[in-house]
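Below is one structure, written out as structure tokens, with a few remarks after it.
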Amino acid sequence: MALRALNGVVAAAVTIGVGQLVAALFDRAASPLYAVGSAVIDLTPKDVREFAISTFGTGDKVALLVGIGIIVAVLAVIAGVIERRSRSWGSAMFAAFGILGVAAAVTRPGGGADWFVPTVVGVVAGIVFLQWMARRLDPAPDPIRDAPGGSTDEPVHTQTVPTTDRRAFLIGAGTAGAGAVIAGVGGVALDHRLNDVGRDRADFVVPDATNSVDTAADGGDGLPSFITSNSDFYRIDTALSPPQITSGAWSLRVHGMVDREFEIDMAQLRRMPAIEKMVTLTCVSNEVGGTLIGNATWTGYRVRDLLARAGPSPDADMVLSRSSDGFTAGTPIEAFTDDRDSILAVAMNGAPLPVEHGYPARLVVPGLYGYVSATKWVTSLEVTRFDRAKAYWSTRGWSEKGPIKTSSRIDVPRDLADVRAGRVMVGGVAWAQPRGINAVQVRVDDGAWRTATLRAPDLVDTWRLWSWEWDAAPGDHVLTVRAIDGEGRQQSAVESRPDPDGATGLHSISVTVR
Ligand SMILES: Nc1nc2c(c(=O)[nH]1)N[C@H]1C(S)=C(S)[C@@H](COP(=O)(O)O)O[C@H]1N2
Ligand SMILES: [Mo]
């Protein structure tokens with residue numbers, strides 16, 4: 001039983017390892033593991049996504065792969081146990097899941113018709129191994145004993161495997177297991193060598209902006225830095241592995257309800273005047289007090305200029321942006337055409353976009369949550385209407401429109417911190433892009449709201465750093481913050497979950513003063 005289970009698990013490892021190796025020659029998204037993982041992501045209902053993001057945050061992909069690994073192992077144990085020399089039910093299970101894998105691979109957006117190959121080669125290798133090893137566990141039928149009328153006092157399935165065969169089996173399983181791991185790891189390494197865009201990105205020259213931004217920021221005191229570094233920036237997307245698109249292979253198609261549809265490549269894009277702009281990106285899944293928000297200086301090209309060149313129809317009210325891996329966002333067209341300067345960004349904080357943040361080009365739209373605007377690896381802008389097109393998350397229960405809600409967060413002290421009585425610096429961030437922040441107020445326990453100091457810079461499309469000096473008396477206290485936006489409207493205190501269009505409620509922390 002244990003040997004049969006082991007056989008199933010090793011055979012599954014062979015399938016995945018070989019699949020990964022072969023996929024390196026096609027596209028990593030075509031490997032059975034990645035294809036199925038991506039399909040699972042696309043089929044994930046919004047409650048599960050919320051759970052995954054709130055539990056694992058940016059580690060949601062690793063959690064998914066571990067989860068798939070566990071499920072595969074359980075299925076593999078079953079397949080191994082039911083596989084027999086005489087009836088290949090385990091093989092049938094492998095074939096069935098192979099069909100699922102093929103279906104997942106060939107239906108991937110951007111997937112080629114040949115994307116079935118890694119899964120098929122992997123599954124065939126797995127089945128060959130499974131059957132070969134199962135044969136060693138089921139000795140060949142004895143022609144005399146098993147003949148009609150022959151002895152039946154020792155049925156095949158209750159025979160124990162002799163020790164020598166057992167050793168041979170374990171050596172075979174160990175060798176194949178090691179081979180599977182080498183194939184898998186080797187496949188990933190080969191894929192990185194062949195397909196990563198790291199070198200292309202290293203050679204990418206960030207364009208000079210025609211404007212300049214004042215980066216002088218008034219941080220310190222344990223507040224977050226005004227600009228979030230690229231390495232600290234949150235990452236949220238549906239890509240199990242970020243698409244690898246070289247700047248030479250990239251192009252953007254502007255089409256749909258336009259007079260002059262066109263396609264532009266990176267060389268042509270670079271002839272347009274570049275601008276630079278600080279914009280705070282916010283995820284709709286950010287919980288009250290959460291960290292799915294970051295502020296960066298983006299360099300790129302005005303989407304307004306691109307759309308003007310195409311001549312959108314006055315009947316259009318939405319731009320559906322699409323990434324190379326099939327993600328879509330539906331953005332109200334005015335967010336691209338008004339004077340807020342939405343950007344087709346090619347650089348983040350002075351560096352070419354990190355691959356996970358959309359290299360070589362992504363959208364950055366002030367004032368809207370990322371899921372309706374900030375398409376990474378963007379390759380198409382389709383001018384259309386909300387009543388004609390639905391974007392990725394809008395078909396999965398999230399709101400069609402996603403304006404950012406006024407919010408604020410306490411960063412210092414930390415929740416549950418111990419502080420010394422006396423002067424305590426309380427501070428954090430507040431945001432209401434693109435309306436800006438007029439005021440931030442802090443309350444201790446059920447006391448009166450006190451006005452915090454707002455720090456520089458004061459920009460409508462970024463978060464605002466704030467601080468407040470608290471004369472703290474000993475005891476347990478709760479600190480609460482709220483913001484007032486640039487239009488004088490107070491942050492909502494009503495508690496609501498992130499879905500369908502962004503969390504509301506006030507952020508509170510508990511501290512003990514000694
Ligand atoms: N191609 C693609 N772009 C995407 C997404 C995605 O899943 N795929 N997620 C969006 C969401 S929900 C957010 S919040 C932002 C996050 O951008 P970041 O990862 O650079 O912080 O990207 C947006 N752009
Ligand atoms: Mo998001």
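Values in this text are rule-based calculations from the coordinates and carry no lab data. Please read these numbers as outputs of a predicted model, since none were measured by experiment. Virtual Cβ from ideal backbone geometry, glycine too; neighbours counted across all protein chains shown.
Amide H to amide H distances under 5 Å link A347 with T299, L353, where only residues 5 or more positions off or on other chains count and H is placed in the peptide plane.
If R0 is taken as 45 Å, the Cβ-Cβ distance between T58 and W132 corresponds to a FRET efficiency of 0.60. Using +1 on the beta carbon of Lys and Arg, -1 on that of Asp and Glu, and nothing else charged, what's the dipole of the chain about the Cα centre, debye to 20? So the magnitude is around 860 debye. Going 7 Å from the Cα of E487 along its beta-carbon direction, which residues of region 413-453 have the amide nitrogen within less than 17 Å of the resulting point? The answer is 431-439, whose backbone nitrogens lie closer than 17 Å to the label point.
Within straight cross-link reach of K46, meaning Cα distance under 24 Å, which lysines are found once same-chain residues fewer than 8 apart are removed? By straight Cα distance, K46 reaches K61, K376, K390, K401, K405.
Applying 1/(1 + (r/R0)^6) with R0 = 30 Å to the Cβ-Cβ distance of T291 and E263 gives a FRET efficiency near 0.20. Take the convex hull of the alpha carbons in region 30-111; its mean projected area over all directions comes to 6.1 nm². Evaluated at q = 0.15, 0.17, 0.25 Å⁻¹, a Debye calculation over the C-alpha positions of region 289-344 (equal weights, vacuum) places log10 I(q)/I(0) at -0.55, -0.69, -1.14.
Quotient of the Cα radius of gyration of region 190-310 and 2.2 N^0.38 Å, N being its number of residues: 1.30. With neighbour counts taken as other beta-carbon atoms within 10 Å, the residues W466, W250 rank, fewest first, as W250, W466. Estimated at 0.36 nm per residue, the fully extended path between R514 and D387 surpasses their Cα-Cα distance by 39.8 nm. Would you please classify the overall shape of region 251-396 from the alpha carbon gyration tensor, given that a ≥ b ≥ c denote the square roots of the eigenvalues, rounded means a/c under 1.5, and beyond that prolate means a/b larger than b/c while oblate covers the rest? Taking the square roots of the gyration eigenvalues as a ≥ b ≥ c, region 251-396 is oblate.
Taking trypsin sites (Lys or Arg not before Pro) across region 319-395, the ones in a DSSP loop with at most 14 further Cβ atoms lying within 10 angstrom of their Cβ are R388. Residues whose amide H comes within less than 5 Å of that of A452, counting only those at least five positions distant or on another chain, are V440, Q441, V442 (H built at 1.01 Å from N in the peptide plane). Listed values for region 86-93 are Karplus-derived 3J(HN,Hα) couplings in whole Hz (6.51 cos²θ - 1.76 cosθ + 1.60, θ = phi - 60°), namely 7, 9, 8, 5, x, 4, 4, 4, and x replaces Gly and Pro. Please report the base-10 log of the normalised intensity I(q)/I(0) for the chain, using a Debye sum with one equal scatterer per alpha carbon and no solvent, at each q in 0.09, 0.11, 0.13 (1/Å). Each listed q maps to, in turn, -0.75, -0.97, -1.19. Viscosity 1.002 mPa s, temperature 20 °C: give me the Stokes-Einstein translational D for region 358-514 in µm²/s, with Rh taken as the Kirkwood radius over C-alpha pairs. Taking Rh from Cα pairs, D becomes 123 µm²/s.
For region 368-411, what log10 I(q)/I(0) values come out of the Debye formula at q = 0.14, 0.24, 0.32 1/Å, with one point per alpha carbon and no solvent? One equal scatterer on each Cα of region 368-411 leads to -0.43, -1.00, -1.30.
Here region 1-87 is treated with +1 on each Lys and Arg Cβ and -1 on each Asp and Glu Cβ, and its dipole about the Cα centre works out to around 420 debye.
Among S241, S38, S508, sorting on how many other beta-carbon atoms sit within 10 Å of each Cβ, with the fewest leading, yields S508, S241, S38.
Multiplying the sequence separation of L25 and R166 by 0.36 nm and subtracting their Cα-Cα distance, what value in nm do you get?
47.1 nm
From least to most packed, judged by other beta carbons within 10 angstrom and beginning with the fewest, D338, D42, D485 follow the order D338, D42, D485.
Taking region 1-43 on its own, what percent of its Cα-Cα pair distances exceed 13 Å? That tail contains 59 percent of the Cα-Cα pairs.
Each label point was placed 7 Å from the Cα along the Cα-to-Cβ direction; for S399 and E334 their separation is 1.6 nm. Between the amide H of D218 and those of A456, distances stay under 5 Å, these residues lying 5 or more places away or on another chain, with hydrogens modeled in the peptide plane.
Phi angles across region 250-257 convert, under the Karplus curve 6.51 cos²θ - 1.76 cosθ + 1.60 with θ = phi - 60°, into 3J(HN,Hα) values of 6, 8, 10, 9, 10, 8, x, 7 Hz, Gly and Pro given as x. Using the rule -39500 (n - 2.57) for each DSSP H run of four or more residues, divided by the residues of the chain, the 222 nm mean residue ellipticity is -10000 deg cm²/dmol. If R0 is 22 Å, the Cβ-Cβ spacing of I182 and V66 corresponds to a FRET efficiency of close to 0.60. Spatial offset of region 318-341 relative to region 7-53 amounts to 29 Å, using the alpha carbon center of each.
What whole number of Å gives the distance from the Cα centroid of region 273-300 to the Cα centroid of region 99-144? Result: 45 Å between the Cα centres.
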